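The values are calculated or read from the model by the stated rules, or taken from the named source; none is laboratory data. It should be emphasised that the depicted structure is a prediction, and the values quoted were computed from it without experimental measurement. Backbone-built Cβ (ideal geometry, glycine too); neighbour counts: all protein chains shown.
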């Protein structure tokens, strides 16, 4: 298709952790007041990412409307009631898993799928959450998730359940860490928490790895560890999830 489309990354060093809704709203308005002159449907269309979910996009969308008196073609990730797309929150995670499903089928000549596969996932935001739920739906076993403070590794052969994924989603919606889950007696027996670690060297035997947290989160050593643990398929849900050294391996 003759679509003029590129890509880029930008943002701010404002840390929303520990901030009130009102503080975040005021920052979003101030940020958009300056940004609004440099974006548009044919220029640049911002989207959410780490620390920027539907709430923050909504704040910025409202600010843009107030400042520019228009709203068409600006910001992805909006709520469904103000111009957002249906299933947008799920799209990246689901798409990642569907893509890998085709990888598995192609590599196996159509004989294999996600069914029975052990899958290591990093991250615990939108991409990781919905990738995990789709893997489980397709018959796979999710054995890990993570955040900026550490990783959780399933201790049961059944891996994480949709119930736990939904509990994690609620935690992240309230800007809490996975450490809050590890302190819960209801779920703590179902996984082990490893502080300050990424999951790749701790997840045991896996067939698939899906880095879905941030950039450069799979190093050369970790790629070698995954391969030695049986991983045949690695696909990035995050932007540039693997270092170049990991890709070379």
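Mind listing just one residue for me: the one in region 234-246 that is within 27 Å of residue 113 (Cβ to Cβ) and surrounded by fewer than 18 Cβ atoms within 10 Å (Cβ to Cβ) and, of those, modelled with the highest pLDDT? Only one residue tops the list, namely 235. Based on this model, can you work out whether residue 219 counts as in the same structural domain as residue 148 (by TED's automatic domain parsing), more than 24 Å from residue 10 (Cα to Cα) and surrounded by 14 or more Cβ atoms within 10 Å (Cβ to Cβ)? Here the answer is no, as residue 219 does not meet what is asked.
Suppose the filter is part of a loop (DSSP other than H, G, I, E, B) and surrounded by 24 or more Cβ atoms within 10 Å (Cβ to Cβ); does residue 160 pass it? So residue 160 passes the test. Cβ-Cβ below 6 Å, separation at least six or inter-chain, first residue in region 157-177 and touching a residue at least 40 places away in the same chain (Cβ under 8 Å) and in the same structural domain as residue 191 (by TED's automatic domain parsing), second part of a loop (DSSP other than H, G, I, E, B) and buried (at least 16 other Cβ atoms within 10 Å of the Cβ): which pairs? Pairs found: 168/124; 172/124. Could you list, in sequence order, the residues of region 109-124 that are out of contact with any helix residue (DSSP H, G or I) (no Cβ under 8 Å at 6 or more places or on another chain) and not in a loop (DSSP other than H, G, I, E, B)? Result: 118, single match.
Within region 109-124, the set of residues being within 10 Å of the chain's Cα centre (by Cα) and either surrounded by fewer than 24 Cβ atoms within 10 Å (Cβ to Cβ) or free of Cβ contacts under 8 Å to residues at least 40 places away in the same chain (or both) is empty.
Within region 137-156, if we keep just the residues that are in contact (Cβ under 8 Å) with a residue 12 or more places away in the chain and out of contact with any strand residue (DSSP E or B) (no Cβ under 6 Å at 6 or more places or on another chain), the residue that is nearest to residue 93 (Cα to Cα) turns out to be 138.
Just to be sure before I move on: is residue 212 assigned by TED's automatic domain parsing to the domain that holds residue 156 and over 22 Å from residue 140 (Cβ atoms) in the structure I sent? It would help to see each step written out before you state the result.
Details: assigned by TED's automatic domain parsing to the domain that holds residue 156: yes; over 22 Å from residue 140 (Cβ atoms): no.
The answer is no for residue 212.
Cβ contacts < 8 Å: first residue modelled with pLDDT under 80, restricted to region 2-28; second residue surrounded by 10 or more Cβ atoms within 10 Å (Cβ to Cβ) and part of a loop (DSSP other than H, G, I, E, B), any location; separation 6+ or different chain. Result? Every condition considered, the pairs that remain are 9/239.
The residues of region 40-58 that are touching a helix residue (DSSP H, G or I) at 6+ places or on another chain (Cβ under 8 Å) and at pLDDT 90 or above, listed by number, are 56, 58. Answer yes if at least one residue in region 29-38 is surrounded by 15 or more Cβ atoms within 10 Å (Cβ to Cβ), without any contact (Cβ under 8 Å) to a residue 60 or more places away in the chain, closer than 19 Å to residue 173 by Cβ and touching a helix residue (DSSP H, G or I) at 6+ places or on another chain (Cβ under 9 Å), and no otherwise. Scanning region 29-38 turns up no residue that is surrounded by 15 or more Cβ atoms within 10 Å (Cβ to Cβ), without any contact (Cβ under 8 Å) to a residue 60 or more places away in the chain, closer than 19 Å to residue 173 by Cβ and touching a helix residue (DSSP H, G or I) at 6+ places or on another chain (Cβ under 9 Å). The sole residue among 106, 130 that is modelled with pLDDT of 95 or more, surrounded by fewer than 24 Cβ atoms within 10 Å (Cβ to Cβ) and assigned to a helix (DSSP H, G or I) is 106. Being touching a strand residue (DSSP E or B) at 6+ places or on another chain (Cβ under 9 Å), surrounded by 21 or more Cβ atoms within 10 Å (Cβ to Cβ), in contact (Cβ under 8 Å) with a residue 12 or more places away in the chain and part of a helix (DSSP H, G or I) is the requirement here; does residue 206 meet it? In short, no. The residues of region 82-103 that are buried (at least 16 other Cβ atoms within 10 Å of the Cβ) and part of a helix (DSSP H, G or I), listed by number, are 88, 89, 90, 91, 92, 93, 94, 96, 97, 100, 101. If I go through region 167-183 residue by residue, how many of them are in contact with a helix residue (DSSP H, G or I) (Cβ under 8 Å, 6 or more places away or on another chain) and not in a helix (DSSP H, G or I)? Matching residues across region 167-183 total 1.
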